[in-house]
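To start, the structure under review is shown below, and the notes come after it.
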Amino acid sequence: MADRKITITEAELDVKIRKTYIRAINFDGSHPNTAVALGYALASHGSELRETGEPYIIHPLTMACRALAIYLNEDELIAAILLHDVAEDNNKAITELPVNDIVRRAVEYLTIRPRRNESKLETKRRYFDILGSSITDPELHGIPLLVKGLDRFDNLRTMGKLKSSPERLRKNLYETQYFLLPLLHKGKSLLPQYSNQFQEITETLTALVDSQADLLGIVFSDEIPSDDELAKILDSKKS
């Protein structure tokens, strides 16, 4: 009987390698939330694909591996990374997530919930205010903000690689420059236990923003633009 060949795509291999790496941190049972979150994220994202054609799950897996590479290895933080898009993209109730309350709260902070008659600028400003409040939260100690920094880096990297929606990229660059990066600087100064990690995320994200802004001909001013200017950018219907 001839041997059957088992083929695996590069994307599938990437997923498998990342899953194995993340599972390994729970070898001693020290990361129970991560272990459960990994299985839940895999099931929730299922066959979803990114715009690149890769399995969607590669996004949170890549974020988690990047976090571990810069010594962000707390159980709740890695679990929050794995679940950060589950509620927003899959209509999962946060109260149903099979993790502890700290992870659930982190995911709640990371989930955008527009309000009726609220502009995109108002939604984004409220969202980043909530993320900023996690810096001084005694339970969360900045976990949602760290996750958001890793999330934005991976998303901008993907958008830049596709080069298919300059207007969407422009919105994200402005949002990152004027809302997210200032919060990351604040996190670095107020959370000394994560100073090096905030520095690493800030530096790599800044370099990515600057390079992509150059390609789009964007020149950021030192002062934050007026609400009218930001609204024109963030509320634009162009894609």
Checklist outcome for this item: Per the filter on segment 33-67, residues within 22 Å of Leu205 (Cβ to Cβ), modelled with pLDDT of 95 or more and of a type in the set (Val, Ile, Thr) are Ile58, Thr62
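Return the residue satisfying two criteria in turn: it lies in segment 31-49 and is in contact with a strand residue (DSSP E or B) (Cβ under 8 Å, 6 or more places away or on another chain) and of a type outside the set (Ser, Thr, Tyr), and of such residues it is nearest to Leu72 (Cα to Cα). Talk me through it step by step, then tell me what you get.
The first filter runs over segment 31-49 and keeps only residues in contact with a strand residue (DSSP E or B) (Cβ under 8 Å, 6 or more places away or on another chain), leaving 45, 47-49.
Imposing the further condition that a residue be of a type outside the set (Ser, Thr, Tyr) reduces the set to 45, 48-49.
Details: His45: 24, Glu48: 27, Leu49: 27 Å.
Applying the filter and picking the extreme gives His45.
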Checklist entry - Looking at this structure, is Gln193 over 14 Å from the mean Cα position of the chain (by Cα), crowded, with 16+ Cβ neighbours inside 10 Å and not hydrophobic (A, V, I, L, M, F, W, C)? => result no
Item to check | Criterion violated by Pro98 - all others in (1) under 20 Å from Leu181 (Cβ atoms); (2) at pLDDT 95 or above satisfied | outcome: (1)
Item to check | Listing of helices (runs of 4 or more DSSP H) fully contained in segment 160-230 that carry 2 or more residues being modelled with pLDDT under 95 | outcome: 166-175, 195-216
Next on the checklist: Looking at segment 126-172 only, could you name the residues that are of a type in the set (A, V, I, L, M, F, W, C) and open to solvent by 50 Å² or more (accessible area, probe 1.4 Å)?
Outcome noted: Ile130, Leu162
Checklist entry - Of the residues in segment 196-209, how many are open to solvent by 70 Å² or more (accessible area, probe 1.4 Å) and either charged (D, E, K, R) or over 18 Å from Ala69 (Cα atoms) (or both)? => result 2
Checklist outcome for this item: The lone condition Asn73 fails out of (1) closer than 20 Å to Arg157 by Cβ; (2) of a type in the set (S, T, N, Q); (3) assigned to a loop (DSSP other than H, G, I, E, B) is (1)
Checklist entry - Just one of the numbered conditions (1) open to solvent by less than 20 Å² (accessible area, probe 1.4 Å); (2) not in a helix (DSSP H, G or I) is not true of Ile112; which one? => result (1)
Checklist entry - Looking at segment 120-143, which of the residues that are in contact with a Ser or Thr (Cβ under 9 Å, 6 or more places away or on another chain) and part of a loop (DSSP other than H, G, I, E, B) is farthest from Ser189 (Cα to Cα)? => result Leu140
Checklist outcome for this item: Log entry, pairs with first residue in segment 215-239 being open to solvent by 60 Å² or more (accessible area, probe 1.4 Å), second being assigned to a loop (DSSP other than H, G, I, E, B) and at pLDDT below 90, beta carbons closer than 7 Å, six or more apart or on different chains, reads Ser239/Ser165
Checklist entry - Pick from segment 8-49 the residues that are polar (S, T, N, Q) and assigned to a helix (DSSP H, G or I): which of them is most open to solvent (accessible area, probe 1.4 Å)? => result Thr20
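Each row is one residue, and each column tells you yes or no for (1) among the acidic types (Asp, Glu); (2) in contact with a strand residue (DSSP E or B) (Cβ under 9 Å, 6 or more places away or on another chain); (3) part of a helix (DSSP H, G or I); (4) surrounded by 14 or more Cβ atoms within 10 Å (Cβ to Cβ).
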| position | (1), (2), (3), (4) |
| --- | --- |
| Glu51 | yes, no, no, no |
| Met63 | no, no, yes, yes |
| Ala67 | no, no, yes, yes |
| Ile78 | no, no, yes, yes |
| Ile81 | no, no, yes, yes |
| Asp89 | yes, no, yes, no |
Checklist entry - Does Asp154 satisfy the criteria of being assigned to a helix (DSSP H, G or I) and either under 26 Å from Arg50 (Cα atoms) or among the acidic types (Asp, Glu) (or both)? => result yes
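The values are calculated or read from the model by the stated rules, or taken from the named source; none is laboratory data. None of these values were measured; they are calculated from a predicted model. A quick note on method: Cβ atoms are made from the backbone with ideal geometry, for glycine too, and the neighbour counts reach across all protein chains shown. Ligands, DNA and RNA are stripped out before the accessible areas are found, and what is left, the full protein with its side chains, is counted by its heavy atoms. Shrake-Rupley method; radii C 1.70, N 1.55, O 1.52, S 1.80 Å.
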